[in-house]
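S.K.: Would you mind keeping the following structure in view while I ask a few things?
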Amino acid sequence: MQHINVTQGSAEWLALRKNFFTASEAPMMMGDHKNISRNQLLDAKKGWTTIVDEYLQKLFDKGHAVEEAARPLAAADVGEDLFPVTGSLEVEGLALLASFDGLTMFDDVCFEHKLFNKTLAENVLNNVLEPHYYWQLEQQLFVSGTDQCSFVTHAGKKNKWQTDKILLTKYFKKLNRYLIPWYLSFFKNFTLL
């Protein structure tokens with residue numbers, strides 16, 4: 001993984017994302033995002049539309065604010081400091097990008113934060129993640145080369161905290177069989193249209 005020195009959420013970071021297939025876009029590209037379709041992502045990548053409206057931006061801003069408070073709690077669970085990192089990897093001509101809510105110093109554990117909601121917290125407790133979430137983790141694990149991710153849902157309050165360590169072996173086979181071929185298909189559609 002190549003580390004890219006950019007502040008997540010900055011104008012420079014937003015511009016950088018336009019040149020890559022990002023981990024947060026993986027659920028959209030796979031057709032598994034709850035709010036954004038594969039075709040909407042394709043249109044956005046072509047520059048025809050935007051996929052982030054005012055409502056989603058407010059939700060993202062709230063999530064990023066809570067994420068800052070959650071990082072030290074996640075670091076305590078992991079037992080190491082976590083740092084926000086943006087990294088890239090080229091695979092079969094695909095420029096992949098992952099922006100991590102946190103990575104350990106040696107990139108061996110990642111941290112992914114989502115705003116707390118009851119259903120997600122119950123799913124995390126039961127070690128079940130919907131495709132809406134796990135495709136993003138797949139790409140993060142693939143780009144970083146790590147073997148685990150501490151996936152957290154948190155509302156900024158200590159009693160609204162749920163975490164689980166997701167092991168690479170549980171999800172990695174999906175990446176090898178599906179994610180890269182789907183990206184190649186998407187890339188073909190993206191460049192031909």
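The values are calculated or read from the model by the stated rules, or taken from the named source; none is laboratory data. Since this is a predicted model, take the numbers as computed values, not measurements. Neighbour counts run over all protein chains shown; Cβ positions are idealised from the backbone, glycine included. Please note that ligands, DNA and RNA were not included when accessible areas were found on the heavy atoms of the full protein model with its side chains. Shrake-Rupley method; radii C 1.70, N 1.55, O 1.52, S 1.80 Å.
S.K.: Search the stretch 110-135 for residues that are within 20 Å of T86 (Cα to Cα) and pair each with any residue that is at pLDDT 90 or above and of a type in the set (V, I, T) when their beta-carbon atoms are under 9 Å apart and the residues are at least 6 apart or on different chains.
M.R.: Short answer, once both residue conditions are applied: C110/V85; C110/T104; F111/T104.
S.K.: Additional query: Among the residues of the stretch 1-22, count how many are in a loop (DSSP other than H, G, I, E, B) and either open to solvent by 40 Å² or more (accessible area, probe 1.4 Å) or in contact (Cβ under 8 Å) with a residue 12 or more places away in the chain (or both). Break it down stepwise before answering.
M.R.: Restricting attention to the stretch 1-22, the residues satisfying the condition of being in a loop (DSSP other than H, G, I, E, B) are 1, 5-10, 18-20.
Checking which are either open to solvent by 40 Å² or more (accessible area, probe 1.4 Å) or in contact (Cβ under 8 Å) with a residue 12 or more places away in the chain (or both) leaves us with 1, 5-9, 18-20.
The total comes to 9.
S.K.: Another question about this same structure. Looking at the stretch 103-112 only, could you name the residues that are more than 11 Å from the chain's Cα centre (by Cα) and in a strand (DSSP E or B)?
M.R.: In the first step, residues of the stretch 103-112 are kept if they are more than 11 Å from the chain's Cα centre (by Cα); the result is 103-109.
Correct list: L103 only.
S.K.: Considering only the stretch 20-29, I want to know if a residue exists there that is more than 15 Å from F186 (Cβ to Cβ) and out of contact with any helix residue (DSSP H, G or I) (no Cβ under 6 Å at 6 or more places or on another chain).
M.R.: First pass over the stretch 20-29, keeping only residues more than 15 Å from F186 (Cβ to Cβ): none.
Taking every residue of the stretch 20-29 in turn, none turns out to be more than 15 Å from F186 (Cβ to Cβ) and out of contact with any helix residue (DSSP H, G or I) (no Cβ under 6 Å at 6 or more places or on another chain).
S.K.: For the stretch 35-94, which residues satisfy the criterion of being part of a helix (DSSP H, G or I) and among the acidic types (D, E)? Don't jump to the end; show me each part of the working.
M.R.: Residues of the stretch 35-94 that are part of a helix (DSSP H, G or I), as a first pass: 38-45, 54-78.
Of everything in the stretch 35-94, those that are part of a helix (DSSP H, G or I) and among the acidic types (D, E) turn out to be D43, E54, D61, E67, E68, D77.
S.K.: Every residue in the stretch 4-36 that is basic (K, R) and closer than 18 Å to P84 by Cβ, please.
M.R.: To start, the set of residues in the stretch 4-36 that are basic (K, R) comprises 17-18, 34.
Passing the criteria: only R17.
S.K.: What residue, of E54, E25, E68, is surrounded by fewer than 15 Cβ atoms within 10 Å (Cβ to Cβ), among the charged types (D, E, K, R) and within 22 Å of C149 (Cα to Cα)?
M.R.: It is E68.
S.K.: Take the stretch 34-51 and flag every residue that is open to solvent by less than 40 Å² (accessible area, probe 1.4 Å) and of a type outside the set (K, R).
M.R.: First, the residues of the stretch 34-51 that are open to solvent by less than 40 Å² (accessible area, probe 1.4 Å): 36, 41-42, 44-45, 51.
Listed by number, the residues that qualify are I36, L41, L42, A44, I51.
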